[in-house]
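The values are calculated or read from the model by the stated rules, or taken from the named source; none is laboratory data. Small disclaimer: the values here were computed from a predicted structure and weren't measured. Note: ideal-geometry Cβ built from the backbone for every residue, glycine included; neighbour counts use all protein chains shown.
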Amino acid sequence: MPLNGLDARRAQQSLVLALSLTALTGCDAINDWHAIEMVQRNMDNMVFVEGGEFLMGNPG
């Protein structure tokens, strides 16, 4: 069954969070907690954007 937009977003967020936490395994406990908070804050601010084309930059 295909994922709807919200489920796909949650799955993507979970994957990014898991990969970020894996990268942070060398930090001490205090830095781990701050890093986890930072990752979660950034994840909470992300929105799902459908793929496609767009014009980037200022042609003027």
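For segment 29-44, the condition of being surrounded by fewer than 10 Cβ atoms within 10 Å (Cβ to Cβ), modelled with pLDDT of 85 or more and of a type in the set (Asp, Glu) holds for at least one residue. Scanning segment 30-60 for residues that are over 19 Å from Leu19 (Cβ atoms) and assigned to a helix (DSSP H, G or I) returns a single hit, Ile30.
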